[in-house]
1. Looking at region 230-328, what helices (runs of 4 or more DSSP H) fall wholly within it and have at least 2 residues that are surrounded by 24 or more Cβ atoms within 10 Å (Cβ to Cβ)?
2. Would you point out which residue out of 228, 304, 333 is at pLDDT below 95, closer than 26 Å to residue 160 by Cβ and touching a strand residue (DSSP E or B) at 6+ places or on another chain (Cβ under 6 Å)?
3. Residue under question is residue 132, and the condition is that it be in a strand (DSSP E or B) and in contact (Cβ under 8 Å) with a residue 24 or more places away in the chain; does it hold?
4. When only residues in region 153-168 that are under 17 Å from residue 111 (Cα atoms) and more than 16 Å from ligand 2 (Cβ to nearest atom) count, which is surrounded by the most Cβ atoms within 10 Å (Cβ to Cβ)?
5. Counting only residues that are out of contact with any helix residue (DSSP H, G or I) (no Cβ under 7 Å at 6 or more places or on another chain) and in a helix (DSSP H, G or I), which one in region 165-181 is farthest from ligand 1 (Cβ to nearest atom)?
6. May I ask you to list the residues in region 98-119 that are within 16 Å of ligand 1 (Cβ to nearest atom) and either over 20 Å from residue 18 (Cα atoms) or assigned to a helix (DSSP H, G or I) (or both)?
7. Identify, from the list 77, 95, 162, 142, the residue that is within 10 Å of ligand 1 (Cβ to nearest atom) and touching a residue at least 24 places away in the same chain (Cβ under 8 Å).
Ligand code: KG4
Ligand code: ZN
């Protein structure tokens, strides 16, 4: 089955053609990083305007690269949330219009579920359900128990910033460009993770939940001094690297500890990771070195950041299981509980 997937939840306009849930014929991603970089984060109104300009060319390019025409497409899939409402509406409207125009079924996909599915797209072995899913992106941080594709139970989430958001905000405090995650990872390679004593938050009575806002404030205080309103302690280049390493170490260790606890509590040996932070090599090494008893399944290149291949891939399974959605009734959703 040939599925056309569309993704516009945040600041990437993406379209992909995927056969039978796995075989990626095209995966076009038009990133807006250039547009938002000077603001240090995503500006929703600018994101929407860019989606409007790029959605049609991106769809055309995906069909061209896949060497298929619209008439070959058998299912139109789109992420309906969670995300920025204006951005979601652009992808949804394009997908609904296409479905109605060419008379092919339409299906709405949960973006977070698709991040969890992305690791499976390049994994050839059978999965032993239940397994654990870990979503670590710019907008979401959650550990979920996956009973099968389409059946999830959320184990924990963040009570404030998402993990990628923490990287980006700390980067902004340190004067780094957006998105700061990959830059912090690079700086950390030459830094001393023990130099600054930083720790992620503990959520009372919810030991597997995440909290990164206190850590972010601790970085701010490290840079500007605790009692000073306008005084900035100047960090030399090595201090910056040490701060990046200390921050990254605190975040990754916190994630590692909580994933390990969740896997033992729920007796899951296989762990699917998804979302932009799963690109982080230090994170992958941390699990490989310290938890060889767990099988960590990471998304391949091009599938960890926001993309439409994961939307089209998951749509295939969801369609086989539950059938199509009704394009006339289907709404965008800024929040979707698991
Ligand atoms: O999954 P994604 O494209 O966005 C959402 O769906 O929200 O992930 C983007 C996030 C950004 O916050 C970015 O800084 C972070 O992923 N990121 C990283 C790395 N690469 C991307 N964070 C840490 N280390 C990386 N190598
Ligand atoms: Zn995402």
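The values are calculated or read from the model by the stated rules, or taken from the named source; none is laboratory data. In this text, all values refer to a predicted model and were calculated from it rather than measured experimentally. Don't worry about glycine lacking a Cβ; one is built from the backbone with ideal geometry, like all the others, and counts go over all protein chains shown.
1. Correct list: 237-265, 309-322.
2. The match here is 333.
3. When the stated conditions are applied, residue 132 passes them.
4. Filtering region 153-168 for residues that are under 17 Å from residue 111 (Cα atoms) and more than 16 Å from ligand 2 (Cβ to nearest atom), the one surrounded by the most Cβ atoms within 10 Å (Cβ to Cβ) comes out as 154.
5. 172
6. Result: 111, 112, 113, 114, 115, 116, 117, 118, 119.
7. It is 162.
Yes or no, residue by residue, for (1) within 27 Å of residue 156 (Cα to Cα); (2) surrounded by fewer than 20 Cβ atoms within 10 Å (Cβ to Cβ); (3) in contact (Cβ under 8 Å) with a residue 12 or more places away in the chain:
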| site | (1), (2), (3) |
| --- | --- |
| 187 | no, no, yes |
| 196 | no, yes, yes |
| 203 | yes, yes, yes |
| 214 | yes, yes, yes |
| 222 | no, no, yes |
